[in-house]
Structure formats: C-alpha cells, structure tokens
1. In whole Hz, what ³J(HN,Hα) sequence does segment 86-95 give by Karplus (6.51, -1.76, 1.60; θ = phi - 60°), x for Gly and Pro?
2. Taking θ as phi - 60°, what are the ³J(HN,Hα) couplings along segment 56-73 by the Karplus curve (6.51, -1.76, 1.60), each to the nearest whole Hz, with x for Gly and Pro?
3. May I ask you to derive the FRET efficiency for Ile186 and Leu143 from their Cβ-Cβ distance with R0 = 30 Å, giving the value to the nearest 0.05?
4. Calculate, in nm to one decimal, what Arg43 and Thr98 gain on full extension: separation in residues at 0.36 nm each, minus their alpha carbon distance.
5. Using the alpha carbon gyration tensor of segment 74-116, what are the three equivalent-ellipsoid semi-axes (square root of 5 times each eigenvalue), largest first, in whole Å?
6. Just grab the label-to-label distance for Thr67 and Glu162, each label 7 Å out from Cα along the Cβ direction, in nm (one decimal).
7. Given H placed 1.01 Å from N in the peptide plane, which residues other than close sequence neighbours of Gln84 have an amide H under 5 Å from its amide H?
8. What distance in nm separates the simple spin-label points at Lys170 and Ser86, each placed 7 Å from Cα in the Cβ direction?
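Where a number appears in this text, it was derived from the coordinates with a stated rule and is not lab data. Since the model is a prediction, treat every value here as computed from it, not as a measurement. Note that each Cβ is placed from the backbone with ideal geometry, even for glycine, and that neighbours are counted across all protein chains shown.
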Amino acid sequence: MAAAPAPLTGDNPSYSVQGIEKGQIRLPEEQPWETLKKQLCARPWITYAQKPLGGVGSVINYLGRYTHRVAISNSRITGINQDQVSFRYKDNNRNGITKTMTLDAVEFIRRFMLHVLPDNFYKIRYFGVMASIHAKNLKEQCLSLIGTLTDAPVFERMPATEIYRYISGKDPLKCPHCNTGTMERIAVFPAPDS
C-alpha cells in the first residue's frame, strides 16, 4: 500500500470534519478552484458505501417517505391546551415504545419550524428533462407519441439508439458539441443490486 500524500495546508482553517484536521485544506476562496481540484484529484481517495441492508428498494422507499411528509402528522397530536401541545412519539432508546410528550406551544412551534425549508430551498429539485421548464414541451411530445403506439411491435429487438432515432429523427450518437463526430461507448456500468 502506498504512503498517503502530504496533507494540503492553509493559513485560514475554517473547516473541520472527522478525518480532516484544521488547516489541511485550503478553501476555494483562498485559491483558484482548478488548483484545489488538481490537489484533491492527486490524492488516492478511498470511498466506502455499505450495501443497504434491505436492498436498493428499501432506500427508495425511505427517501420517498422522507421527502413527502411533514414534520409531524395531525394524528400524532393528542392534545392542544392554552399554551401547551401534547403528541405521541416513538422512543427508540426503549425498544420503540410509544410515549407522549407535552411541550410549551412556543417550543413545539420552534421544533416544527426546524423542518420548514427557507425560501428558494427545495427538498426535491428536478433537473434535466424533469425540470418544470420542460413540462409543456414534454407533455406535447408524450401526447404525440401516444398516438404512435401502433409502432411498438417495430421496436422489438431494436437497439435503444435506433428506437430514439426512429421516434425523434435525431442521431443520439452524434457528438452534441461538434455535430459531426460519433460518440462511442467506452464503459458500461452494471446496474446496482436490488
């Protein structure tokens, strides 16, 4: 195993993360981004992402529940008095038993507001073809394609690039920058285990 390279140093340590000591990284404000990027890419980074216990599907289900819920549902609120709010919660330190907590109304609102995103922040941000700016064009394209579903048997055993060319009239392999060269596949990444 090769020795790790010398750490990056900086005069203004303002960032500390486990594994990175203060002063080991020079932030982009202090030097050009390209220089920082070259220094970071020169290091042999090793990342570790543990395989999800329940598979990829469990991760998708968790994210779906997390991104589409409020901080506390109405059914968990058990009582509202003049200046107090009572609600049920699960105590995971005690084997998940359900308990009731009563807070001052101001403290309850403060905790609730910690889950409200500031203006111009989004839990889910769609980009690319899913961005809302493309909604009208995509709707028109989808409606026009629905009318051509009789062509579906033609697409059997046809490569995806040929199907795209047939439907859109555009060559997906043509270089988007020069419009003359042809892009070639150089690598194929396997699909994650489900």
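1. Values per residue, Gly and Pro as x: 10, 8, 8, 8, 9, 8, 6, 6, 10, 6 Hz.
2. Residue by residue, segment 56-73 yields 5, x, 5, 5, 4, 4, 4, 4, x, 5, 5, 7, 10, 9, 8, 4, 8, 7 Hz.
3. 0.25
4. Between Arg43 and Thr98, full extension yields an extra 15.0 nm.
5. On the way: eigenvalues 76, 34, 15 Å².
Each semi-axis is √(5λ); the values are 19, 13, 9 Å.
6. Those two pseudo-labels are separated by 3.5 nm.
7. For Gln84, whose amide H was placed from the backbone, the distant partners under 5 Å are Ala105.
8. 6.1
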